[in-house]
Amino acid sequence: MEMGGFLRRLAALLIDWALCELIAAAYADPRVVPWPPVALLIVINTFFIGLFGQTPGLWLARLRCISYVDGGAIGIGKAFLRAVLLALFIPPLIMDPQQRGLHDRVAGSYVVRLPRSTT
């Protein structure tokens with residue numbers, strides 16, 4: 001499988017972030033209380049990546065986060081750890097030669113590009 005490129009992963013994260021900002025703005029003013037979008041990003045990433053391997057942003061970018069060991073979903077626990085590190089912003093920028101961020105290495109995951117559908 002082909003690894004997801006940096007720009008494609010960044011686009012997916014920006015889509016997820018915009019979604020979190022929109023949802024959080026419905027119940028909290030981000031100028032007054034800035035943490036709800038961050039908390040929502042952690043919750044969304046934990047749930048969707050832990051169970052399905054894709055957040056809405058990853059789905060739109062045709063990417064999937066999978067286990068480095070078996071290629072399946074990474075589970076809620078590892079997804080939570082990955083999401084917290086992702087929310088800290090710096091760990092994703094610390095990449096290995098495979099372009100896996102520190103958050104992916106710690107969680108035992110990597111992001112791959114999905115093949116184009118032939119239908």
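Okay, residues lined up against (1) at pLDDT 90 or above; (2) closer than 13 Å to residue 109 by Cα; (3) among the aromatic types (Phe, Trp, Tyr); (4) touching an Asp or Glu at 6+ places or on another chain (Cβ under 7 Å):
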{"position": "36", "(1), (2), (3), (4)": "yes, no, no, no"}
{"position": "69", "(1), (2), (3), (4)": "yes, yes, no, no"}
{"position": "76", "(1), (2), (3), (4)": "yes, yes, no, no"}
{"position": "80", "(1), (2), (3), (4)": "yes, yes, yes, no"}
{"position": "87", "(1), (2), (3), (4)": "yes, no, no, no"}
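Take residue 101 and tell me if it is small (Gly, Ala, Ser) and either under 14 Å from residue 9 (Cα atoms) or under 13 Å from the mean Cα position of the chain (by Cα) (or both). For residue 101, the condition - small (Gly, Ala, Ser) and either under 14 Å from residue 9 (Cα atoms) or under 13 Å from the mean Cα position of the chain (by Cα) (or both) - is met.
Only one entry of 75, 57, 101, 50 meets the criterion of being over 24 Å from residue 18 (Cα atoms) and of a type in the set (Gly, Ala, Ser), and that entry is 75. Considering only residues in segment 65-84 that are out of contact with any helix residue (DSSP H, G or I) (no Cβ under 7 Å at 6 or more places or on another chain) and among the small types (Gly, Ala, Ser), the one that is surrounded by the fewest Cβ atoms within 10 Å (Cβ to Cβ) turns out to be 72.
Does any residue of segment 52-60 turn out to be outside any strand (DSSP E or B), crowded, with 16+ Cβ neighbours inside 10 Å and of a type in the set (A, V, I, L, M, F, W, C)?
Just the residues of segment 52-60 that are outside any strand (DSSP E or B), to begin with: 52-60.
Next, from what is left, pick out any that are crowded, with 16+ Cβ neighbours inside 10 Å: 53-55, 57-59.
Next cut, of a type in the set (A, V, I, L, M, F, W, C) only: 58-59.
Yes.
The values are calculated or read from the model by the stated rules, or taken from the named source; none is laboratory data. Quantities reported herein were computed from a predicted structural model and do not represent experimental measurements. Glycine also receives a Cβ, built like all others from the backbone with ideal geometry; neighbour counts cover every protein chain displayed.
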